Structures are given as C-alpha cells and as structure tokens.
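The values are calculated or read from the model by the stated rules, or taken from the named source; none is laboratory data. Quick caveat: nothing in here was measured; it's all calculated off a predicted structure. Here Cβ is always computed from backbone atoms with ideal geometry, including for glycine, and neighbour counts include all displayed protein chains.
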Amino acid sequence: MKTQRSQLATPGERSLLAIGFFALAGAVALAHDSPATGYELSIYAATPVAIWGLLGIVFALSLSLALGTASTWVRRLALCLGGGAALAVVGMPVLRGYWFISGGDALTHLGWARGLASGAYEPIDLRYPGLHTVTTVTGNVLGVELAHAMMLIIVVLCGLFFGFIAMTAARTFDSRYSPVFGAFSAFLLLPITSLSTFITPHAMSQAILFSAAFVFVLVAYVRQGSDGLSRRSYGLLATLLLVAIVLYHPQLAAHLLVVLLCICAIQVVARRSHGFDSIARHAPIYRLTAVLVVVFLVWSANHELIQRVIRFHLVSTVEFLLGANDTAGASVDSQADSLAAVGGSLAIVVLKLLGPNLVFGLLTALLVLAVFLGAGRRTREQLRAVVAYLAVGLTGLTVLFFLYFFGSSGMMYFRVFGFMMLFFTIAGAVALAYGMESITRAQTRQLAQAGAAVAIGVLLVASLVGVFASPYVYKPAPHVTEQSMIEHADAFEAADDDLGFVGIRSGPNRYADAYYSPLDRTSSYDGVTSDELDDGLTTFESDRYLVVTEMDRERETTTYRELRYTDAQLASVSALSGVNRVHSSNEFSLYYVDAT
C-alpha cells in the first residue's frame, strides 16, 4: 500500500534524484581516478573539467528538487544530494590523493598531532588540542596516516556545519523553505574567507565550523522555556559543546563569550520591560555563560601564551582608544600595494572573496528590518526573539571586529569576521525563507523560486571557487606533496647539526615543525631575499643549506608574478659561486652554501 509521502513523489522527481546520485557517484569516481602527480598550483585547474560539470549538475538538481517538491522525503534526499556535492568539493584534495594540504599553520598542526601520537607530550600541553586529539584518534581507528586523518576531519566538520546550519534555520523559522535555504547557504562556506580562516587544517577555522553545533543547541535550549526535562538535556549538551569549543580554540571561545553576554543582556532587559514576552519566556542562558567563563579561565590559567595574547589585545585596545595605535591604515595600504603589483586590487579581492558574504550581510539587514518593523503576520514570537539574539550577537562581534582592526597588528579581525559569517549564514537563510513564505500567489512564488535558484547557483560558484587558495585569489595553492615532505625530512636527517637552513621567503620552518614535532614552533630558519640572490649569497657569515621547492617557483613566478623573486633568480641559484647542489628533483632542491 502506498503511503501519502510516496504518492507525493512523482516519477519525474524520483528519476531526477536517481540521475543526481549517479552524477555524484560519477564525479567522485572520476576524481579518485585522477590523482595529483605532483605539486598543483590550482586544484580547480588541475581537476578535470568533467568533475566540476557533474557536480554542477548535482547542485542544480538538488536545489530545484528541494525547492519545488511537495514531498518531505524527496526534499530531504535532495538536500543530502546537495550536501554530498558540497562535501565532494571540500574533500577534493582527499579524493584526488593529495598527501596533505597546508597554508603554513597546517604543517605545524600536523607536527603537534604527531607529537601526541608518539607520546612526546600530552593534549593538556597544547594550547588548543581539540583538532590534534581528534586527528590522532581518527588515525588510530581508521589506520591511516595522520596527514590523511587531519584532512578527513576537515571534511567531517564541514558536513557537521552543513547539517547544523540547516537545522538551526529550520528551528528559527518554521517553513519548508528554511532547511533548503539553510543547507544551501551553508554550502557557500561563508566563514571560510582565506583571510585568517581557511579550508586547510587551522584550529580557529575548524572551531568556527564546529561551533555551528553549539548554536543549534543554544537555539533549541532557549526555546524550551519551562520544559524541565528537555531544557536540562539541551543544557547538558550545550555545556559539553562549550568545553569542546574551548579545547578547539580558546580565542574562538572568547568571541563566543561576547555573543552569549549580549544575549544575556537582552534577556535581562526582556524580563524587566514589556514588549519582549517571547524572550522573557525563553530559558535564560546565564548558567551556560558562567560555564564558558569558568572553563575558559581554568584552561587559560595553565597556558602562559594564552594569557600573553589576552594582555596584548587588551593593551592594543587601550592604546587605540587613547589614540596611540594606528596599525590598521598601514596594514591596508601595504596589502593594496602588494595586490596592485600582481595585477589585482582590494576591490577585486573583496568581490572575489567576500562578494557572497556581502549579499548575506544585506539579507540579514533586511530580515532584521522586516521582523522588527512588523512586516507580515509571522514576525512575532519565536522568530522575532531569535532574530533579536542574532542581531545583538552580531552587534557585539562587530564592536570586537573593529577593536581588533584598529588595535592590533596582523589580520586577526578576519577571525572575528569568519565567526560573524556563521550567524550571517543563518540569518540570510531565514531571510530567504521568510521572503518566500511572504509570497501568497502561487505563480509569483514559482517565479521567485526560479530566481532564488539562479541566484544561489551564482553565489555557489562565486563562493566555492575561492575556498581553496589559488592564483584566482592571488594566493599560492596549499598543496603539500608526499615527495616534498619526504625530501625535507631526508634533508633534516642528513644535515650537519651545526648548520642551519634557509629558504625562499620564510624558509622550511613549517616542514621542520611537521618533522620534529616541537611543542614550540620552529623559528630558527630564515629566508633569503632577492637582493641576497643578486649578490650571490655572499652575505652569509657561516655555511648554510638552501632549500628551493617547486611550490616556491610556482608561487613566486606565477601567483605573485615575480613580485619579490624572478624566475631568472631562482633558476640561477645552482650557478652561483660557492653554491653546491646536494640534491635535486622535480619537487625539491637542496644546496650547500659555502660562506667562504
């Protein structure tokens, strides 16, 4: 006997689902059969076009089915189909046999995971052992190398992010469109900007993805009201997640604390004034906030570096407020000059990396205005309350963003921005669902669905093409080949202990981290400048080893368009007086520089 659900699923929908899953399977199989054979400057260009074409078909079928079907199970399967395509994009390095993928920090994290696995130190010795501990456990359980396990963890965390963002959007606004727009908004991976947040192993980035689980539990917790059993269950789960977030990255926990304090403030106001009845009926989060404060302080007390970082940012903030610190302008000017030298500009980079983010910022603003101006009949109760939480949380993070921007060096403010994008993703998805539900005429709604599908398709392409670093976004590809790692390890093993290493730009410090697994980062190896290459490396006071990799050559000559080093300079290293080639391959060259 046919159920009502199966009757709602038309033969056409079933056929399209089958085509979609076959296309996804074909893309995965083709990617697996197209392994990388050496360093790849761009994973997008090196991956066969047919794979991207098949994944594009999968996304299109998934979105059209999810928006248009009246069947609940077809919608769920369609979202699973789209999630599989998004995970295939994120997991493309794994599917294509990359040994590792690293923007720099990842090799250090790999070294720490190796240190844990070898027993050189304990998880408590690390400042944020979450990623490394999970990697070690995964490697042992699956019997795979830690480099592979760490890349798998990224794929798993992205899947967790996709699922919990979709569920949070559905929990925030009761509509059949909420999980659809929630899922596809999550597929954009807006928190991953390649500006201080990365798809490579990077503790802060993975902590942001992981925190999506806490945000869902938090929304479910506050909405329980006086329901004691459900409230205690969600409260216990939220407590465990808060502990895990501190272990993943204390700095992210501090950013989350700002959000929770802002929500506490609005809950206090709601209980003392009229007009916020829905918030007043919500479960207070005072205890959860206190838990985060206690766990953060206890963990920070055992790590001096965390305390130094906190003091640095506090001092920088005070200096900014007193007018004694103005690093922001100089940093932006420096970045603009570098981009102009390689044929780009700040405006182009913003559009390439942050275009979809700006769209979701606009959608969030429209949602806040619509809800609090009372547009429509569904702006009351739960939606209004959760939107209020999102608004005050984002306000607190915006203040923190500018304090980082004006008060400290580097690009730490983009870590705050990446965390903000988690909330913008939820709010933007709810805005799209709310707008679709506001359309009452069937014909108009169909046109709106078609327009939304096209717009999301454009945003998917614009966003996912910038997830991995490549020349498209003026960044070197983070591909680390097994050959390169092995040859670095052989060089470290065979080197004279009294001699140091130098390399192009920063030197092989990160590879040393991955090989030696030190608790403190390696910083003893320097880089040679282009002027030193022009001078024939005659300024060294003692003998050194010089490392030049294929990644160095591709980065400097193609991505950075010879901004610091020219192709002729790198090619002439072996011909310099006093420079002797020790080893050379298509991935790695080692030279002995005789200072005498």
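Taken together, L390, L400 contain a single residue that is at pLDDT 95 or above, in contact with a helix residue (DSSP H, G or I) (Cβ under 6 Å, 6 or more places away or on another chain) and of a type outside the set (D, E, K, R), which is L390. Take the conditions (1) part of a loop (DSSP other than H, G, I, E, B); (2) over 30 Å from S300 (Cβ atoms); R75 misses just one of them, which is (1). The single condition from (1) closer than 19 Å to I208 by Cβ; (2) in a helix (DSSP H, G or I) that V467 fails is (2). Scan the range 2-11 and give yes if some residue there is surrounded by 19 or more Cβ atoms within 10 Å (Cβ to Cβ) and assigned to a helix (DSSP H, G or I), otherwise no. Scanning the range 2-11 turns up no residue that is surrounded by 19 or more Cβ atoms within 10 Å (Cβ to Cβ) and assigned to a helix (DSSP H, G or I). Criterion applied to A462, A489 was being surrounded by fewer than 20 Cβ atoms within 10 Å (Cβ to Cβ), of a type in the set (A, V, I, L, M) and more than 18 Å from M92 (Cα to Cα), and the one residue passing it is A489. Among the residues of the range 569-582, the ones that are surrounded by 13 or more Cβ atoms within 10 Å (Cβ to Cβ) and either touching a Pro at 6+ places or on another chain (Cβ under 6 Å) or farther than 11 Å from L546 by Cα (or both) come to 5 in all.
Within the range 425-435, can one find any residue that is touching a residue at least 12 places away in the same chain (Cβ under 8 Å) and out of contact with any Ser or Thr (no Cβ under 9 Å at 6 or more places or on another chain)? Yes, because at least one residue in the range 425-435 is touching a residue at least 12 places away in the same chain (Cβ under 8 Å) and out of contact with any Ser or Thr (no Cβ under 9 Å at 6 or more places or on another chain).
If you go through the range 275-299 one residue at a time, how many are at positive phi and touching a residue at least 24 places away in the same chain (Cβ under 8 Å)?
Number satisfying all stated conditions: 0.
Residue count for the range 247-269, restricted to those that are touching a helix residue (DSSP H, G or I) at 6+ places or on another chain (Cβ under 6 Å), among the β-branched types (V, I, T) and surrounded by fewer than 23 Cβ atoms within 10 Å (Cβ to Cβ): 2. Only residues that are aromatic (F, W, Y) and either over 26 Å from G103 (Cβ atoms) or out of contact with any helix residue (DSSP H, G or I) (no Cβ under 7 Å at 6 or more places or on another chain) (or both) were counted across the range 483-515, and they come to 1.
Taking first residues from the range 156-174 that are under 11 Å from V386 (Cβ atoms) and in contact (Cβ under 8 Å) with a residue 24 or more places away in the chain and partners that are among the small types (G, A, S) and surrounded by fewer than 22 Cβ atoms within 10 Å (Cβ to Cβ), the Cβ contacts under 7 Å between residues at least 6 apart in sequence or on separate chains come to R171/A220. Screening the range 211-283 for helices (runs of 4 or more DSSP H) wholly inside it with 3 or more residues that are within 24 Å of R127 (Cβ to Cβ), at pLDDT 95 or above and under 31 Å from the mean Cα position of the chain (by Cα) returns the ranges 228-248, 250-272. You will find that of G355, G407, the residue that is out of contact with any Cys (no Cβ under 6 Å at 6 or more places or on another chain), in contact (Cβ under 8 Å) with a residue 24 or more places away in the chain and surrounded by 23 or more Cβ atoms within 10 Å (Cβ to Cβ) is G407 and no other. Does D513 count as loosely packed, with under 14 Cβ neighbours inside 10 Å, acidic (D, E) and under 25 Å from the mean Cα position of the chain (by Cα)? Considered against the rule, which asks whether it is loosely packed, with under 14 Cβ neighbours inside 10 Å, acidic (D, E) and under 25 Å from the mean Cα position of the chain (by Cα), D513 comes out as no. Could you tell me whether the range 114-129 includes any residue that is within 17 Å of the chain's Cα centre (by Cα) and buried (at least 22 other Cβ atoms within 10 Å of the Cβ)? Checked the range 114-129: at least one residue is within 17 Å of the chain's Cα centre (by Cα) and buried (at least 22 other Cβ atoms within 10 Å of the Cβ). Here M411 qualifies as within 22 Å of the chain's Cα centre (by Cα) and over 30 Å from W52 (Cα atoms).
The condition of being of a type in the set (G, A, S) and either at pLDDT 65 or above or surrounded by 14 or more Cβ atoms within 10 Å (Cβ to Cβ) (or both) holds for only one of A340, A336, A324, that being A336.
If you filter the range 364-384 down to residues that are more than 12 Å from T172 (Cβ to Cβ) and of a type in the set (V, I, T), you find that the one that is modelled with the lowest pLDDT is T379. Pairs, please: C-beta under 9 Å, at least 6 apart or cross-chain, first residue of a type in the set (K, R) and in the range 381-393, second assigned to a helix (DSSP H, G or I)? These pairs meet every condition: R384/S278; R384/I279; R384/V371; R384/F372. Among the residues of the range 94-105, those that are closer than 22 Å to A27 by Cα and surrounded by fewer than 24 Cβ atoms within 10 Å (Cβ to Cβ) comprise V94, L95, R96, G97, Y98, W99. Within the set F414, F419, the sole residue that is assigned by TED's automatic domain parsing to the domain that holds A391 and either surrounded by fewer than 24 Cβ atoms within 10 Å (Cβ to Cβ) or more than 28 Å from V259 (Cβ to Cβ) (or both) turns out to be F414. Looking across the range 43-72, the residues that are touching a residue at least 60 places away in the same chain (Cβ under 8 Å), assigned to a helix (DSSP H, G or I) and β-branched (V, I, T) come down to I43, T72. Scanning the range 459-483 for residues that are among the small types (G, A, S) and modelled with pLDDT of 95 or more gives A462, S463. Only residues that are surrounded by 19 or more Cβ atoms within 10 Å (Cβ to Cβ) and not aromatic (F, W, Y) were counted in the range 558-568, giving 1.
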